[in-house]
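Worksheet: the structure to be examined is printed underneath.
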Amino acid sequence: MEIIKRKTLKEKPAKGTSLGFGHYFTDYMFTMKYTAGQGWHDAKIEPNEPKPFDLATSIFHYAQGIFEGMKAFLQPDGSIAVFRPEENWARMNRSATRMCIPNFPEELAEEGLETLLKLEKDWIPTDPGTALYIRPTIVATRVMLGVHASTEYLFFIILSPVGSYYAHGLEPTKLIVEDYYTRATLGGTGEAKCLGNYAASMKAGEVAEEKGFDQVLWLDAAEKKYVEEVGSMNMFFVIDGEVVTPALVGSILPGITRKSSIQVLRDKGYRVTERRVSIDEVIEAEKNGTLNEAFGTGTAAVISPVGLIRYKDVDYTINGGKMGDITRMLYDTITGIQYGKLSDPYGWRKIVK
Ligand code: COI
């Protein structure tokens, strides 16, 4: 694969820097283009520098674009592991299909990612809880204003050394149930990782933050009755010993950390049920003392305990506002596999060769 080198490299954040999420970017990126009639072409590694775009480029107008989130971890033996990238490539192509974007060759994307990671190995942070976040994205690049699928696209992968997604790290998050705004509807784009889903969630997110909450807990659009997800995380509740997570009904992102968590929990002997779970059931369980734990799962958020949920102006504290035992076990298991501290019985670590 062609690698276009840059003249000078950027300064890397020093060890111990509080990285936050998505503030630093590495020296290089992977790019490839799509042109109708030609397919995907021009795959290369190039300097991660600003690119000029005509302001009539369709992505700016109609948000025909998708993205993914993955992480790379430095292993104790010095190798680089990516967590389940094949799952992300497959989901990205499913998102592409939903958004009328031509599917891309997954093995070429993987080759591009691995070439990029080898070049950027020194950017992988090593402080506890940090990782190199991987952001593959496809945007429509045809210059035109008609509302039609573009005939040209840019696929790129940029890398960002990150710390924890929430400013307060592993402290349990506070969620507010949103019963007015809607994130996604059945038949909409909720299960695709498309740009517009995130733009649509920002208004409620802003209101939540003003009130001192970390995130919004979304309900289904039709009845405002069933829990869906958090936008940056899938949700799990432990009710009377049973682990319950909303079923993937079509408006919920099929999370890869969600899928991995279900597998780990089942293998450890927990009863995990994917079903519709109403907000009333969650609140009732909190009231009668059977809501043992709540947590979210996501690439950026990892396994994130939820300590408080506000619904209809009433605050419900979960597990005394502390991280529960099942949440802790899951966090330790998933991160243990990711950082190479535990064995990998599932083959989830993809070692970059
Ligand atoms: C991720 O977890 O990778 C996400 O894409 C969620 C959010 C940062 C947008």
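The values are calculated or read from the model by the stated rules, or taken from the named source; none is laboratory data. Note that the coordinates shown come from a computational prediction; the quantities given were computed from them, not determined experimentally. Glycine gets a Cβ as well: all are built from the backbone with ideal geometry, and neighbour counts include every protein chain shown. Heavy atoms of the whole protein, side chains included, go into the accessibility calculation; ligands, DNA and RNA do not. Shrake-Rupley method; radii C 1.70, N 1.55, O 1.52, S 1.80 Å.
Observations on the model:
- From the options Glu178, Glu223, Glu191, Glu242, residue that is without any contact (Cβ under 8 Å) to a residue 12 or more places away in the chain and open to solvent by 10 Å² or more (accessible area, probe 1.4 Å): Glu223
- When residues in segment 213-249 are screened for being within 15 Å of the ligand (Cβ to nearest atom) and on the phi > 0 side of the Ramachandran plot, 1 of them pass.
- Per-region count, segment 296-318, residues under 15 Å from Leu265 (Cα atoms) and without any contact (Cβ under 8 Å) to a residue 60 or more places away in the chain: 1
- When residues in segment 137-156 are screened for being surrounded by 23 or more Cβ atoms within 10 Å (Cβ to Cβ) and either within 16 Å of the ligand (Cβ to nearest atom) or more than 19 Å from Gly65 (Cβ to Cβ) (or both), 1 of them pass.
- Selection status of Leu159, touching a residue at least 60 places away in the same chain (Cβ under 8 Å) and surrounded by fewer than 20 Cβ atoms within 10 Å (Cβ to Cβ): no
- Residue list for segment 266-301, filter: among the small types (Gly, Ala, Ser), buried (at least 21 other Cβ atoms within 10 Å of the Cβ) and more than 16 Å from the ligand (Cβ to nearest atom): Ala285, Ala294
- Subset of segment 50-80 [within 16 Å of the ligand (Cβ to nearest atom) and part of a loop (DSSP other than H, G, I, E, B)]: Ala63, Glu68, Gly69
- Ile138 vs. criteria part of a strand (DSSP E or B), in contact with a helix residue (DSSP H, G or I) (Cβ under 8 Å, 6 or more places away or on another chain) and at pLDDT 95 or above: yes
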